[in-house]
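What follows is a single structure, written as structure tokens, with notes after it.
Where a number appears in this text, it was derived from the coordinates with a stated rule and is not lab data. As the structure is a computational prediction, the values presented were derived from the model and not from experiment.
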Amino acid sequence: MAVQDILEKLNLDCASFTLQSLEKAVNSKHLYLEGVHWKKGELLGTGAYSSCYAVRDLMNGSLMAVKQVHFIMQQTLARFLDFVKVAFGFR
């Protein structure tokens, strides 16, 4: 997956990042993206605010579960993205 595709998936503007910082983030052990590092499988269950899916790691083939939260308040999402920018050295 191209860096631009990852930015679109995260809804981020490419102009605010350098190619080197993006490659560092994508290859970081702390960033684990759907379609890049793992593939979503069958739905295991749902709750009021989340769903749980069986997923397959694309590097080693291991099977695991991922919980995806349906609703994130805009303010919370903005704070999370600010954290990601600082944590991975985005400028």
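Could you derive backbone 3J(HN,Hα) for the stretch 51-62 from the dihedral phi with the Karplus parameters 6.51, -1.76 and 1.60 (θ = phi - 60°), listing whole Hz in sequence and x where the residue is Gly or Pro?
My calculation for the stretch 51-62 gives 10, 10, 10, 6, 9, 10, 5, 7, 8, 10, x, 5 Hz in order.
What residues have an amide H closer than 5 Å to that of residue 44, excluding those fewer than 5 places away on the same chain, when H is modeled at 1.01 Å from N in the peptide plane?
Counting only residues 5 or more places away or on other chains, the set is 52, 53, 54.
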